[in-house]
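Structure first, then comments.
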Amino acid sequence: SNIISGKTKYGIIPEEHWSYPDFIDLEKAAEKRKELAGKGVIYASSESYRHMCRFNSGFFYKHPILKDYKYYWRVEPDVKFYCDINTDPFKYMADHKKTYGFTISIHEFGLTIPTLWETTRSFLEAHPNYIAKDNLMKFISNDDGLTYNLCHFWSNFEIADMDFWRSEAYEAYFNHLDKSGGFFYERWGDAPVHSIAAALFLQKDEIHYFEDIAYRHGVYGMCPIDESIWLNNNCNCNPSDDFTFQKYSCGVEYYDSQGLTKPKDWEAHNI
């Protein structure tokens, strides 16, 4: 409240949005956590992490404190921003008819979502009408939807239109996923859930890469390798550290699926 220029609001998450639904077998969930922990998967034993991912997948945009808002910007503890932000990202989204915006894309840990794509495909078979005509399937699949390539937008940074999450298509998709139990029997993250939904249910030109917002979360960061962007926005990050085109990133897949021209010297970062 002391830092920002506007008014801050604080809310409590309802218990029903951060607890086990009655269709979850708690003993099975506990056993599955042990199995995943035995494979050395990060957060494998954490119940709170699973509740967080489920909350961010299907409930945050329903909170009363957000009911009067259309757009949100997700900001987590310990993230860093390295450039001046010279334009209002919300206005940009509205003016250019964008629905979902990101800065970093990355491959998911396959062990955390072994049945997510299978569950998604069963939903798509029942509801083919929800698939957008000019979608971004090529970003999330290398074989036209037969398998999932694990690419997703890193959701610890999101600027998006909550009306999409509130839509009939997304609500039906989330409920289908939730009933399968994968948030608790596996360790489904909100990032692949959001990304798959955005890639399939939105037109691809509704998804936006904020290449001018340099950002870091943990060991991965985006720093503009386009010199004009770096200079014009007074960036103080090192472009050589940019993650966008590194092997574990999905930057190449995103640029190719959108038909975008990659920045000069991008291949030097493809390590």
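The values are calculated or read from the model by the stated rules, or taken from the named source; none is laboratory data. A quick note: this is a predicted structure, and the numbers were derived from the prediction, not measured. Please note: Cβ atoms are built from the backbone with ideal geometry, for glycine as well, and neighbour counts cover all protein chains shown. Remember, those area values only see protein heavy atoms, side chains included, never the ligands or the DNA or RNA. Shrake-Rupley method; radii C 1.70, N 1.55, O 1.52, S 1.80 Å.
List of remarks:
- If you go through the stretch 5-54 and keep only what is open to solvent by less than 90 Å² (accessible area, probe 1.4 Å) and among the β-branched types (Val, Ile, Thr), you end up with THR8, ILE13, ILE24, VAL41, ILE42.
- Meets criteria (closer than 27 Å to ASN135 by Cβ, among the polar types (S, T, N, Q) and under 16 Å from the mean Cα position of the chain (by Cα)) for SER257: no
- Residue that is surrounded by the fewest Cβ atoms within 10 Å (Cβ to Cβ), among those in the stretch 212-229 that are within 18 Å of the chain's Cα centre (by Cα) and of a type in the set (Val, Ile, Thr): VAL219
- Of all residues making up the stretch 212-240, the number that are free of Cβ contacts under 8 Å to residues at least 60 places away in the same chain, in contact with a Pro (Cβ under 9 Å, 6 or more places away or on another chain) and in a loop (DSSP other than H, G, I, E, B): 2
To keep it simple, each residue is scored yes or no on (1) over 22 Å from ILE271 (Cα atoms); (2) of a type in the set (D, E, K, R).
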{"site": "SER155", "(1), (2)": "yes, no"}
{"site": "TYR173", "(1), (2)": "yes, no"}
{"site": "ASP205", "(1), (2)": "yes, yes"}
{"site": "PRO239", "(1), (2)": "no, no"}
{"site": "LYS247", "(1), (2)": "no, yes"}
{"site": "GLY251", "(1), (2)": "no, no"}
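- In the stretch 110-134, the residue that is nearest to the chain's Cα centre (by Cα) out of those that are under 21 Å from GLY58 (Cβ atoms) and part of a loop (DSSP other than H, G, I, E, B) is ILE113.
- Residue count for the stretch 72-92 under the criterion of being open to solvent by less than 80 Å² (accessible area, probe 1.4 Å) and assigned to a helix (DSSP H, G or I): the result is 3.
- Hits in the stretch 2-42 - residues which are polar (S, T, N, Q) and under 27 Å from the mean Cα position of the chain (by Cα): THR8, SER19
- Looking only at the stretch 114-152, and only at residues there that are β-branched (Val, Ile, Thr) and in contact with a Gly (Cβ under 7 Å, 6 or more places away or on another chain), the one that is least open to solvent (accessible area, probe 1.4 Å): THR119
- Which numbered condition TYR69 misses (of (1) out of contact with any strand residue (DSSP E or B) (no Cβ under 9 Å at 6 or more places or on another chain); (2) outside any helix (DSSP H, G or I); (3) closer than 19 Å to TYR170 by Cβ; (4) open to solvent by less than 30 Å² (accessible area, probe 1.4 Å)): (4)
- No other residue among ILE271, ILE225, ILE207 is closer than 19 Å to LYS98 by Cβ and among the aliphatic types (A, V, I, L, M) apart from ILE207.
- When the stretch 241-270 is filtered for residues that are outside any loop (DSSP other than H, G, I, E, B), open to solvent by 40 Å² or more (accessible area, probe 1.4 Å) and within 17 Å of ALA214 (Cα to Cα), the ones remaining, listed by number, are ASP241, TRP266.
- Given (1) in contact with a helix residue (DSSP H, G or I) (Cβ under 7 Å, 6 or more places away or on another chain); (2) surrounded by fewer than 18 Cβ atoms within 10 Å (Cβ to Cβ); (3) part of a helix (DSSP H, G or I), index of the condition TYR173 fails: (2)
- Filtered residues of the stretch 55-66 (kept if within 20 Å of the chain's Cα centre (by Cα) and open to solvent by 80 Å² or more (accessible area, probe 1.4 Å)): LYS62
- Within the stretch 90-125, being touching a Lys or Arg at 6+ places or on another chain (Cβ under 9 Å) and among the polar types (S, T, N, Q) holds for one residue alone: THR112.
- Single residue of the stretch 95-109 satisfying the filter (open to solvent by less than 50 Å² (accessible area, probe 1.4 Å) and either among the hydrophobic types (A, V, I, L, M, F, W, C) or in a helix (DSSP H, G or I) (or both)) that is nearest to ALA172 (Cα to Cα): PHE102
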